[in-house]
Amino acid sequence: MKKINFKIFSSAALKYIAMLTMLIDHIGASGLIFILFNSSISVRLYHISRMVGRISFPIYLFLLVEGFVHTKDIKKYIIRIAAFAVLSEIPFDLVFWGHILEFYHQNVMWSLLICVIMMHMMRKYPDFSIIFVGIGCFIAWICRCDYVYIGPLAVACMYLFRDWIIYKNVATALVFSFEPPAIFSLIPINMYNGKKGKSFKYLFYFFYPVHLLVLVLLKNLLR
């Protein structure tokens, strides 16, 4: 009897799942869904979109860990994430806060930047890993990054337990236990086959600021 292979998702496929679920989430979170649909439907669709959107962040974090482990140039990796964090800030503030700069809340790319620097320090000084995780969580919290300290904490679990699947799943599920829908992200994550797959090189990065700009334009046009 032929064994069924459940490892069917490449990193490219996971990126598409993350982008799609994020888009669905942001259609609701941005308020666009209330413009597109009448009030009796929009509230239900809003809650559905937010639940679906919870799947995206853990997948983004998982891909960040994989990208960090396999990158040949950590400096370029850090600079690239930092550049898109800066590039995304104004679109993020416009779509969710209604003005150009909002220092109370930072976009998710800043969370990813903190996480990748944290992993770099953990790899360089493994004996002080717990300290770097604490510092990462504190910086994400004090800077009011998206998901605050959850990002660094989840990345630490995925990175430290990368070769221990059960521990990684349990630890990640516990970190996201405050948002049960996010735990469903472990299904596609555990179906990762370790292959890159076919994708445009910078699509994953450009998607974030571009889709935010599109949402801003749609909100202004439809109003």
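Taken about its Cα centre, the chain carries a charge dipole of about 880 debye when Lys and Arg each add +1 at the Cβ and Asp and Glu each add -1 at the Cβ. When the solvent-accessible area of segment 121-223 is split by element, carbon and sulfur atoms take up 71 percent of it, the probe being 1.4 Å. Between Ile130 and Ile166, the modelled label-to-label distance comes to 2.3 nm, taking each label 7 Å out from Cα in the direction of the beta carbon.
Using a Förster distance of 22 Å, how high is the FRET efficiency between Met121 and Cys143, based on the Cβ-Cβ distance and rounded to 0.05? Efficiency for this residue pair is about 0.85. Label-to-label distance, Ala83 versus Lys195, with points set 7 angstrom from Cα along the beta-carbon direction: 3.0 nm. The charge dipole of segment 1-128, taken about its Cα centre with unit charges on the Cβ of Lys, Arg, Asp and Glu (plus for the first two, minus for the last two), comes to roughly 700 debye. Estimated at 0.36 nm per residue, the fully extended path between Leu20 and Leu213 surpasses their Cα-Cα distance by 67.9 nm. Considering only alpha-carbon pairs that sit under 8 angstrom and 6 or more positions apart, the relative contact order computed for the chain is 30 percent.
Would you be so kind as to identify all helices of the chain, as entire DSSP H runs, whose Cα atoms reach 18 Å or more along the helix's own axis and whose mean Kyte-Doolittle hydropathy is at least 1.6? Write out the running numbers ahead of the final one.
Details: long enough: 11-29 (26 Å, 1.16); 39-53 (21 Å, 0.40); 56-70 (21 Å, 1.46); 74-97 (33 Å, 1.18); 108-124 (24 Å, 1.39); 129-142 (20 Å, 2.44); 203-222 (27 Å, 1.83).
Going by DSSP H runs, the hits are 129-142, 203-222.
Charged side chains reduced to their Cβ positions (Lys and Arg at +1, Asp and Glu at -1) give segment 133-223 a dipole of some 400 debye around its Cα centre.
Report the net charge of residues surrounding Phe204, where surrounding means a beta-carbon distance below 13 angstrom and charges are Lys +1, Arg +1, Asp -1, Glu -1. Walk me through the numbers before you get to the answer.
Values: positive: Lys15, Arg80, Lys196, Lys198, Lys201; negative: Glu66.
So the surrounding residues net to +4.
Amide H to amide H distances under 5 Å link Cys145 with Gln106, where only residues 5 or more positions off or on other chains count and H is placed in the peptide plane. Using a Gaussian network model of the chain with C-alpha springs under 10 Å, which one of Met158, Met191, Met19 is most mobile by mean-square fluctuation? Fluctuation is largest for Met191.
Hey, what number do you get for the chain at 222 nm if only DSSP H runs of n ≥ 4 count, each worth -39500 (n - 2.57), divided across all residues, to the nearest 500?
Details: 11 runs with 155 residues, N = 223.
Helices in the chain give a 222 nm mean residue ellipticity of -22500 deg cm²/dmol.
Any chance you could run the full-extension gain for Ile187 through Leu174? It's 0.36 nm times the residue separation minus the Cα-Cα distance, nm to one decimal. Before the final figure, lay out each step's value.
On the way: separation 13, 0.36 × 13 = 4.68 nm, distance 1.51 nm.
The span from Ile187 to Leu174 would gain 3.2 nm if fully extended.
Over the chain, accessible surface divided per residue gives 56 Å², non-protein components excluded, 1.4 Å probe.
Ranking Ile189, Val175, Ala156 by how far each Cα lies toward the positive end of the dipole of segment 147-203 (charges on Cβ) leaves Ile189 at the top.
Ser39 contributes an accessible area of around 90 Å² to the protein surface, as traced by a 1.4 Å probe with all chains present.
Taking 0.36 nm per residue of separation and subtracting the Cα-Cα distance, what length does fully extending Ser40 through Arg223 add? Write out the running numbers ahead of the final one.
Values: separation 183, 0.36 × 183 = 65.88 nm, distance 1.88 nm.
Here the answer is 64.0 nm.
Over segment 1-54, what relative contact order in percent results from Cα pairs under 8 Å that are six or more residues apart? All intermediate terms of the calculation are to be shown ahead of the outcome.
On the way: 36 pairs, mean separation 21.3, N = 54.
Averaging sequence separation for qualifying contacts and normalising by length gives 40 percent for segment 1-54.
The values are calculated or read from the model by the stated rules, or taken from the named source; none is laboratory data. The model shown is predicted, which means the values in this text are computed figures rather than measured ones. Note that we place each Cβ from the backbone using ideal geometry, even for glycine, and neighbour counts take in every protein chain shown. When the accessible area is computed, the model is the full protein with side chains, heavy atoms only, and any ligands, DNA or RNA have been set aside. Shrake-Rupley method; radii C 1.70, N 1.55, O 1.52, S 1.80 Å.
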